[in-house]
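Input: a single structure, listed below in structure tokens.
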Amino acid sequence: MRQLISTVHVVDGDGTSHVFKPGDELPAWAFEKVTNPKAFVDVADTGDVDPEQPATTAVPPRSGTGSGYAAWAAYAIANEVDPRGTTKRDEIIALLDAADIPTKQ
């Protein structure tokens, strides 16, 4: 299952623009129109991060490759912290800190 982790603007078949935010459930027609893979994180139906996602048990880096929102959202989900409603990596880090989940390598 793919979970939206970015705000997206999608135009429907009638030309009406719709805004979907992180954590919103997208209608099927909207999934087809969102082409940026970074807008989603793959989550298994059990709530665990999909095994094909990069390892999430290790704290993601704060800079460079693997330091973006998607990596931190996957790490949060793997640690049972819900990143929905956040729009920035630092917001996820703050949620993790509040839950006493390690955020430094």
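Bear in mind these aren't lab numbers, they're just calculated from the coordinates by the rules spelled out. Keep in mind that what you see is a predicted model, and the values were worked out from it rather than measured. Note: ideal-geometry Cβ built from the backbone for every residue, glycine included; neighbour counts use all protein chains shown.
Once the Cα-Cα distance is subtracted from the 0.36 nm per residue extended length, the Asp100 to Arg2 segment shows a gain of 32.6 nm. Here the label points at Lys33 and Ser63, each 7 Å from Cα along the C-beta direction, are separated by 3.9 nm in the simple model.
From most to least packed by mean Cβ count within 10 Å, the peptides 66-74, 84-92, 25-33 give 66-74, 84-92, 25-33.
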